[in-house]
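Nothing in this text is a laboratory measurement; each read-out follows from the coordinates by a stated rule. This structure is a prediction, so every number in the text was calculated from the model and none was measured. Here the Cβ is made from the backbone with ideal geometry for all residues, glycine too, and neighbour counts use every protein chain on show.
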């Protein structure tokens, strides 16, 4: 038998090992052109600033089934930049084959928030019905928010204007509690109302509104990570530090 090297968490936190343990999760890394391709297949890699991105591959190694995010329409494709995937806020989006679990979930992103937002804009997520939300985004005032179940970001959001900043934000829920994270702090925690959809695949750069892309993101996305775990602040901080908070 050929020995295999298995990443472990001993001696410090390893984001690679942690995400590999998320069998049903995904990790899209918009700053790594080796995981990005111009078409929906892997024929033409992304190599230069401004190349369109039609496929972003899962960054996890050794986990369960890989999750890809794709876009077949050229005008809907974000563009590669060294600081992340640049979305135009009009129609750019990538569709994953990831759906939230019926129990615990987390969704974390590192994004460059634009200096101006015309309204609520979604970084990633989706819903199948009005009361099965699962997404993260920012409102016109630059406040981070999340939609979980029948709660919208008008109810669940932070209090700091993030316009013009690069930030790491996240949401986690387990069916009874919703918790938001923002720059090393829990900025919201309350009872969960409603459930998340286990049928609507997440979009990146917009949300999947029962099969339709909408509420398009007008900034850059460096990382999007998802998994089936209810995380605490210590875990969020470990992930954020690994992403370069």
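The slack between residue 150 and residue 131, meaning 0.36 nm per residue of separation minus the straight C-alpha distance, is 6.4 nm.
Note on segment 35-170: Cα Rg divided by 2.2 N^0.38 Å, N the number of residues, gives 1.09. The simple spin-label model puts a point 7 Å past each Cα toward its Cβ; for residue 104 and residue 40 those points are separated by 3.5 nm.
Computed from the C-beta positions of residue 32 and residue 161 and an R0 of 22 Å, the FRET efficiency is 0.15 to the nearest 0.05. The relative contact order of the chain, computed from alpha carbon pairs under 8 Å that lie at least 6 residues apart in sequence, is 23 percent.
Annotation: peptides 167-174, 200-207, ranked by per-residue average of other Cβ atoms within 10 Å with the highest first, follow the order 200-207, 167-174. Dividing the summed -39500 (n - 2.57) terms of all DSSP H runs of n ≥ 4 by the residue count of the chain sets its mean residue ellipticity at 222 nm at -2000 deg cm²/dmol. Model label points for residue 14 and residue 75, set 7 angstrom from Cα along the Cα-to-Cβ axis, are 4.6 nm apart. Legend: calculated FRET efficiency, residue 212 to residue 190, from the Cβ-Cβ distance at R0 = 25 Å, rounded to 0.05, equals 0.30. Under the simplified labelling scheme, the residue 83-residue 116 pair shows an inter-label distance of 1.7 nm, with each label point 7 Å from Cα along Cα→Cβ.
Hull volume per residue, based on the alpha-carbon atoms of segment 15-242 and their convex hull, is 103 Å³.
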